[in-house]
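A quick write-up on the structure given underneath.
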């Protein structure tokens, strides 16, 4: 009898991040992170935030003045070794009536079922190249696995 893993893989975990973002479920998002997780939005002048508490504070500030926020995934690709490349379009509507829609290319890195790092690239080609390089350089076997109790 073969054992099939019921543990979500990197793509399923990344899809969960987007579902939680779209519902603004910050508890669920930070629950997927470890103590040293990094959210890097520096290419968008959004800073680099390390650890679930700092990342949560960033998201609380980001969502704070918004009447509406949503992310639509255009492409999601598992590049192996826990690395997922995404192209998404985010829209935000402020309570003052301003509206903004932007395309971005985040790279997610999952280690043993934990979101270790998310880097938000402004260019799709740059994001894809960074994701491919990260997947090549990441030691094999570090892809998402069920965390040990």
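Points worth noting:
- Every residue from the stretch 93-125 that is out of contact with any strand residue (DSSP E or B) (no Cβ under 7 Å at 6 or more places or on another chain) and closer than 20 Å to residue 73 by Cβ: 125
- Unmet requirement for residue 104, which otherwise passes all of (1) assigned to a helix (DSSP H, G or I); (2) out of contact with any helix residue (DSSP H, G or I) (no Cβ under 7 Å at 6 or more places or on another chain); (3) surrounded by 17 or more Cβ atoms within 10 Å (Cβ to Cβ): (1)
- Of all residues in the stretch 31-45, one or more are surrounded by 14 or more Cβ atoms within 10 Å (Cβ to Cβ), over 14 Å from the mean Cα position of the chain (by Cα), on the phi < 0 side of the Ramachandran plot and not in a strand (DSSP E or B).
- Answer residue from the stretch 4-19, given it is surrounded by fewer than 18 Cβ atoms within 10 Å (Cβ to Cβ) and touching a helix residue (DSSP H, G or I) at 6+ places or on another chain (Cβ under 8 Å) and is farthest from residue 135 (Cα to Cα) among those: 16
- Any hit, the stretch 115-130, residues being loosely packed, with under 13 Cβ neighbours inside 10 Å, at pLDDT below 90 and in a helix (DSSP H, G or I): no
The values are calculated or read from the model by the stated rules, or taken from the named source; none is laboratory data. This one's a predicted model, so the numbers in the text were calculated from it and none came from an experiment. Heads up, the Cβs are rebuilt from the backbone with ideal geometry, glycines too, and the neighbour counts pull from every protein chain shown.
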